[in-house]
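The values are calculated or read from the model by the stated rules, or taken from the named source; none is laboratory data. On a predicted model such as this, the values are computed, not experimentally measured, just so you know. Note that each Cβ is placed from the backbone with ideal geometry, even for glycine, and that neighbours are counted across all protein chains shown. Keep in mind that these areas ignore ligands, DNA and RNA; they rest on the heavy atoms of the full protein, side chains included. Shrake-Rupley method; radii C 1.70, N 1.55, O 1.52, S 1.80 Å.
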Amino acid sequence: MTPVTRQEVLGLYRKIFRIAKKWQSASGQIEETIKEKEYIKNEAKTLFRKNKNVTDPNLIKQCIEECEARIEIGLHYNIPYPRPIHLPPMGLAHKQGRTLRHQEKLRKISKPIYLKSHDEVS
């Protein structure tokens, strides 16, 4: 990891913890605010620890983009959790065959960047 990339990653890590420190839930309830603050901190720790040994520059760049996207979405919608994608679960596919495989492939390709690591951790 280059020094510039390392600084960028550490800056994102600090930014997440500053956001968690100032976070207020949409409902304004103290219990919910505390729960969401803890979720933000735990999610950041888990994902950063999981990716600490990544050395591929393209994968590092993808992780940074995902982190930035999740920060922006969280701040915009005031929701710390990743927003789900709204696709019907295998709505048109048969239980087996090419159509099912094709739909699974399309679903994987259409997955937003901010959900790439969420399914691996959750």
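Selection within the range 20-44: residues that are among the hydrophobic types (A, V, I, L, M, F, W, C) and buried (at least 17 other Cβ atoms within 10 Å of the Cβ). The member of this set that is nearest to P82 (Cα to Cα) is I40. In the set V4, V9, only one residue is open to solvent by 90 Å² or more (accessible area, probe 1.4 Å), assigned to a helix (DSSP H, G or I) and among the β-branched types (V, I, T); that residue is V4. Which residue pairs have Cβ atoms closer than 7 Å, lie 6 or more positions apart in sequence or on different chains, and pair a first residue in the range 64-76 that is closer than 22 Å to T2 by Cα with a second residue that is outside any helix (DSSP H, G or I)? Pairs that qualify, where the first residue is closer than 22 Å to T2 by Cα and the partner is outside any helix (DSSP H, G or I), are E66/K116; E66/S117.
For the range 70-98, what are the residues that are assigned to a helix (DSSP H, G or I) and either at pLDDT below 60 or in contact with a Pro (Cβ under 8 Å, 6 or more places away or on another chain) (or both)? R70, I73, G74 - these are the residues of the range 70-98 that are assigned to a helix (DSSP H, G or I) and either at pLDDT below 60 or in contact with a Pro (Cβ under 8 Å, 6 or more places away or on another chain) (or both).
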